[in-house]
1. Pulled fully out, how much extra length does the chain show between Ile189 and Gln46, if you take 0.36 nm times their separation in residues and subtract their Cα-Cα distance?
2. Can you tell me the convex hull volume per residue for the range 52-120, based on C-alpha atoms, in Å³ to the nearest whole number?
3. Could you give the dipole magnitude of the chain about its Cα centre, charging the beta-carbon of Lys and Arg +1 and that of Asp and Glu -1, in debye to the nearest 20?
4. Take the residue pairs Lys100/Lys151; Lys137/Lys178; Lys100/Lys178; Lys53/Lys137 and return only those whose Cα atoms are more than 27 Å apart.
5. Say R0 is 30 Å: what FRET efficiency, to the nearest 0.05, do Val5 and Leu150 get from their beta-carbon distance?
6. Using the Karplus equation 6.51 cos²θ - 1.76 cosθ + 1.60 (θ = phi - 60°), what ³J(HN,Hα) coupling, rounded to whole Hz, does each residue of the range 181-190 give in order, writing x for Gly and Pro?
7. How would Arg143, Arg169 line up from fewest to most surrounding beta-carbon atoms within 10 angstrom?
8. I'd like to know which of Thr155, Thr86, Ser128 lies farthest towards the positive end of the charge dipole of the range 85-198, counting +1 on Cβ of Lys and Arg and -1 on Cβ of Asp and Glu.
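Every number in this text was worked out from the coordinates using simple rules, so none of it is lab data. What you see is a predicted model, and the numbers here were worked out from it, not measured in a lab. We place every Cβ from the backbone using ideal geometry, glycine too, and count neighbours over all the protein chains shown.
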Amino acid sequence: MARAVLVTDAENYVRELLSTQLSPDMYFHNLRHTERVVNATIEIAQNSGLSKKETIIVQIAAWFHDTGYCYAYAGHEDSSIAIAATFLKQQGTDEKFIAKVSGCILATQIPQTPTNLMEEVLCDADLSHLSRADYPKRARLLRMEWAARLKKEYTDRDWFQSNISLLTRHTYFTPYGKTVLQQNKLNNIDVLLAGFPK
């Protein structure tokens, strides 16, 4: 099967899966988040020197990286890997390719542990929302999701502190992440600090 067709088939499969199987209280980790991660993956891959085949591997991993949330919240990466592997085997994909996709997905588990550039690209893409102008809105959706799924409630002050701590501690892995995304993330820290509840 042509690799480009495989990406399209993966996209269609994941869109259907997330649209029909994902809980409606997944306010952050939903199809929109997956689409954003895929777009960020392409952006970062193009600026990181990945080959066409490597970019396809990372794109497929991006589509599948949060599919495990359909069946488990904690440790969803393992479920995501199983879903991706089953799909790719059905498409006749070789084990080496599947292992690379699986490695990319596993690397996104917090704390992120990428071991090669492909994995770094997906890790940076998965947390690229930290650098986006709409970060406060995305963070609010995550807060809602944690309240619904994990019964975690935060005061506004604690939530701000948690976000500032996350953005301050987090580091990107790729050269593109360390420059472009990092600078935008620093801007978001300034925005958060300006609105920090007294």
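1. Values: separation 143, 0.36 × 143 = 51.48 nm, distance 2.65 nm.
Full-extension gain reported as 48.8 nm.
2. On the way: hull volume 5.0 nm³, N = 69.
With only Cα atoms used, the range 52-120 gives 72 Å³ per residue.
3. Working: 22 positive and 22 negative charges, 85 e Å.
So the dipole magnitude of the chain works out to roughly 400 debye.
4. Working: Lys100/Lys151 35 Å; Lys137/Lys178 23 Å; Lys100/Lys178 23 Å; Lys53/Lys137 34 Å.
Where the Cα-Cα span goes over 27 Å, the pairs concerned are Lys100/Lys151; Lys53/Lys137.
5. Details: r = 38 Å, r/R0 = 1.28.
So the FRET efficiency works out to roughly 0.20.
6. Along the range 181-190, the couplings run 5, 4, 4, 5, 5, 4, 4, 5, 4, 4 Hz.
7. On the way: Arg143 19, Arg169 8.
Going from least to most buried by this count: Arg169, Arg143.
8. It is Thr155, whose Cα lies furthest towards the positive end.
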